[in-house]
Amino acid sequence: MRLVDLRSDTLTRPTPAMRKAMAEAEVGDDVYGEDPTVNRLEALAAERLGFERALFLPSGTMANQVALLLHLPRGGEVLAPEGAHLYEYELGAPALLAGALVRPVPAPGGRPDLKALEEALRRGPFQAPIGLLALENTHNLAGGRVVPLEVQRRVQDLARARGLPTHLDGARLHNAAVFLGVEAREVARGFTTAMVSLSKGLGAPVGSLLLLPKELEAEARRYRKLLGGGWRQAGVLAAAGILALEEGPKHLRRDHEMARALAEGLFRLGLAVDLGAVETNMVYLEVEDPEGFLQGLRARGVLAGRVGGRVRFVTHRDLMDEDIPLTLERVQDLLHSRPR
Ligand SMILES: Cc1ncc(COP(=O)(O)O)c(C=O)c1O
């Protein structure tokens, strides 16, 4: 039986072209700044995404947390959209590493409520100093929804008026760009720093990028080393990262189409999917008994995830065209086998 794995877009395996590039990569010691392939990836990423510098890191979590360390004083506060990955799913790292507080700002559909944000920016003498405004695009917990560029600009304006830096968790920034029909650099524009994952929809086996201005580079490299991210002949990974950055975005439209087809199919089966919320490669489903539903799917050869009390399906490059109709058939079979 074919197993359809819809748990995450991190599941993609390196393509044959990536494996070849990895095998042939020129390498050196990156802690010495001497890995030519890492250097090439970082230069390419900075140029493509419109920043002065880029840093290649093992994970998005490390990149987000390096950003918090760069921007926040200990005891400082970051304002982030509710449900943001950087506080919800990074093991309490802001408290542990940067010594930072996180204030979640109401953000329906992943879009921060600007009035609530302005209110949160007001500070009394006994409150923590705000050190950073963060956004996430696409917003994972909000269903992979896209934050419109106009909203990003308004948030950046609020930050600028107060002399505050901004950080974008753009783990799936290219998904947002494809949805909006703009270049990836447009989604990253105006942020002080941005994180972009190579290991999600773009298909690399490992790695994320932190985009930043050149005056923050030396400190960011120090923090990366401090967190254990000072890697050596990482060119073998950067080689796949270069292909992910160059070729990966071309595949995302298909991922989005598959998510839409899946959402519409689930909706037709009478399941609670918010079709309006399906903008990129994720489909969230409300079911009464998520655990039972997931087990029933697993028994039928479909893997999905449980996120925040809901069932989550994520489409990605390693799926075959027939996987979506196959998933819908199996969901239908599950529904027919259970009292509803
Ligand atoms: C929005 C978002 N930010 C950050 C991360 C962290 O990335 P990593 O798994 O590479 O640490 C994820 C991972 O799923 C994510 O979805």
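Report for the chain the percent antiparallel among DSSP-assigned beta bridges with both residues inside it, nearest 5.
50 percent
Beta carbons within 10 angstrom, averaged per residue: use that to sort the peptides 193-201, 152-160, highest first.
Per-residue mean Cβ counts within 10 Å order the peptides as 193-201, 152-160.
For a bin width of 10 Å, list the pair-distance distribution of region 189-287 built from all Cα-Cα distances, rounded to whole %.
Here the calculated profile for region 189-287 is 13, 30, 28, 19, 9, 1.
How large is the Kirkwood hydrodynamic radius of the chain, counting all unique pairs of alpha carbons, in Å?
Here the Kirkwood hydrodynamic radius works out to 20.7 Å.
By average Cβ neighbour count within 10 Å, what is the ranking of 26-39, 54-67, 306-319 from highest down?
54-67, 306-319, 26-39
Only Cα pairs under 8 Å and at least 6 apart count here; give the relative contact order of the chain as a rounded whole percent.
It rounds to 25 percent for the chain.
Per residue, how much accessible surface does region 12-249 expose to a 1.4 Å probe? Answer in Å², no decimals.
Each residue of region 12-249 exposes 41 Å² on average to a 1.4 Å probe.
Treating only the Cβ atoms of Lys and Arg (+1) and Asp and Glu (-1) as charged, compute the dipole magnitude of the chain about its Cα centre; round to the nearest 20 debye.
Computed charge dipole of the chain: roughly 340 debye.
For a quick protection proxy, order the peptides 114-122, 143-151 by their average other-Cβ count within 10 Å, most packed first.
So the peptides 114-122, 143-151, ranked by packing, come out 143-151, 114-122.
Between residue 116 and residue 5, 0.36 nm times their residue separation minus their Cα-Cα distance comes to what?
Net length gain for the segment: 36.1 nm.
Please give the length that would be gained between residue 23 and residue 264 if that part of the chain were fully extended, namely 0.36 nm times their separation in residues minus their C-alpha to C-alpha distance (nm, one decimal).
82.6 nm
Can you tell me which lysines have their Cα less than 22 Å from the Cα of residue 225? Leave out same-chain residues fewer than eight positions away.
Once the sequence-local lysines are set aside, what remains near residue 225 is 214.
Per 0.36 nm of contour for each residue apart, how much would the distance between residue 160 and residue 295 grow if the chain were fully extended, relative to their Cα-Cα spacing?
Using 0.36 nm per residue and subtracting the Cα-Cα distance, I get 43.8 nm.
Helices from the chain with mean Kyte-Doolittle at least -1.0 and a Cα length along the axis of 15 Å or more, per DSSP H: which?
Qualifying helices, which must be both long enough and hydrophobic enough, are 36-49, 60-71, 149-161, 235-247, 252-268, 323-337.
Quick check: at a probe of 1.4 Å, how many percent of the accessible area of region 12-249 sits on carbon and sulfur atoms?
The computed percentage sits at 53.
For region 169-214 and region 82-140, what is the separation of their C-alpha centers, rounded to whole Å?
Result: 19 Å between the Cα centres.
Using a basic spin-label model with each label point 7 Å from the Cα along Cα→Cβ, how many nm lie between residue 287 and residue 257?
Distance between the two pseudo-spin positions: 2.7 nm.
Just from the alpha-carbon atoms, what are the Rg and Dmax of region 111-187 in angstroms?
Reported Rg and Dmax, both Å: 13.5, 45.
The values are calculated or read from the model by the stated rules, or taken from the named source; none is laboratory data. Given the structure is predicted, the values throughout are model-derived calculations rather than measurements. Counting neighbours? That spans all protein chains shown, and the Cβs are built from the backbone with ideal geometry, glycine included. For the accessible areas, the whole protein counts, side chains as well, though only heavy atoms, and no ligand, DNA or RNA atoms are used. Shrake-Rupley method; radii C 1.70, N 1.55, O 1.52, S 1.80 Å.
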